[in-house]
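Participant: One structure is given below, represented as structure tokens, and several questions about it will come after.
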Amino acid sequence: MAGRTAGARRAEILRAAAGLFAARGFHGVSIDDLGKAVGTSGPALYRHFPGKDALLGAMLLEVSERLAADGRQRAEACGDPHRALDELLRGHIRFALTEPALITVHDRELGNVAEPDRRRIRRLQRGYVEQWVGVLARLRPDADPPTLRAAVHAAFGLLNSTPHSAQQLDPEPMAELLLSMGRAALLAES
């Protein structure tokens, strides 16, 4: 029970930190601000993380690991590449619509993550991209890997724009719009 409680508390801290870092930037948030956001003192957070830098690293590592695992599961679960692509898109869209603060923090703050963690995050991200490239290669066998990688990155730009655009529509129509746009972008011929 204590492990679950500590894990839940850690997740609460990471969620609150994502919101604060997205709103004010990593350097605009103090450890006391983080503590206050979760109803404790700033120094009490040191029971969960050695410091604010470690908290940021843990946040971006966790989301990168989660996306990589989810992408791998989705890509491998479908024999049909069209279904696999739709599953990858749906998974990423769900993430983008439910966790826009993490997208903002990643875009702005990855440079503030300590080098060993930053390398791990980048490695996980490259693996996630390659899962998409593997599915796309089955759908576009004439396209070379660099072209497919560029298409995946461009599609991520579209999907990850949700912190700026998602408020315009309710979540369900926004998800459907992103799905059709993502599919069209990824399957477009060069």
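Participant: Within region 76-92, can you find the residues that are open to solvent by 20 Å² or more (accessible area, probe 1.4 Å) and touching a helix residue (DSSP H, G or I) at 6+ places or on another chain (Cβ under 6 Å)?
Facilitator: Listed by number, the residues that qualify are PRO81, GLU87.
Participant: Here's a follow-up. Scan (1) more than 17 Å from HIS153 (Cα to Cα); (2) surrounded by 17 or more Cβ atoms within 10 Å (Cβ to Cβ); (3) free of Cβ contacts under 8 Å to residues at least 60 places away in the same chain for the single condition ALA101 breaks and write down its number.
Facilitator: The one condition ALA101 does not meet is (3).
Participant: Take ARG149 and tell me if it is at negative phi, of a type in the set (Lys, Arg) and open to solvent by 70 Å² or more (accessible area, probe 1.4 Å).
Facilitator: Values: at negative phi: yes; of a type in the set (Lys, Arg): yes; open to solvent by 70 Å² or more (accessible area, probe 1.4 Å): yes.
Criteria met by ARG149.
Participant: Kindly provide the set of residues from region 15-36 that are surrounded by 14 or more Cβ atoms within 10 Å (Cβ to Cβ) and over 14 Å from VAL105 (Cβ atoms), ordered by number. Before you say what the answer is, go through the steps one by one.
Facilitator: Applying the first criterion (surrounded by 14 or more Cβ atoms within 10 Å (Cβ to Cβ)) to region 15-36 yields 15-22, 25-26, 29, 31, 33-36.
Passing the criteria: ILE31, ASP33, GLY35, LYS36.
Results for (1) open to solvent by 70 Å² or more (accessible area, probe 1.4 Å); (2) modelled with pLDDT of 95 or more; (3) in a helix (DSSP H, G or I); (4) not hydroxyl-bearing (Ser, Thr, Tyr), shown as yes or no for each residue.
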{"residue": "ARG123", "(1), (2), (3), (4)": "yes, yes, yes, yes"}
{"residue": "ALA137", "(1), (2), (3), (4)": "no, yes, yes, yes"}
{"residue": "GLY157", "(1), (2), (3), (4)": "no, no, yes, yes"}
{"residue": "LEU186", "(1), (2), (3), (4)": "no, yes, yes, yes"}
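Participant: All but one of (1) open to solvent by less than 20 Å² (accessible area, probe 1.4 Å); (2) more than 19 Å from the chain's Cα centre (by Cα) hold for VAL133, so report the exception by its number.
Facilitator: (2)
The values are calculated or read from the model by the stated rules, or taken from the named source; none is laboratory data. It should be emphasised that the depicted structure is a prediction, and the values quoted were computed from it without experimental measurement. We place every Cβ from the backbone using ideal geometry, glycine too, and count neighbours over all the protein chains shown. Side chains are part of the model used for accessible areas, which takes the heavy atoms of the whole protein and leaves out ligands, DNA and RNA. Shrake-Rupley method; radii C 1.70, N 1.55, O 1.52, S 1.80 Å.
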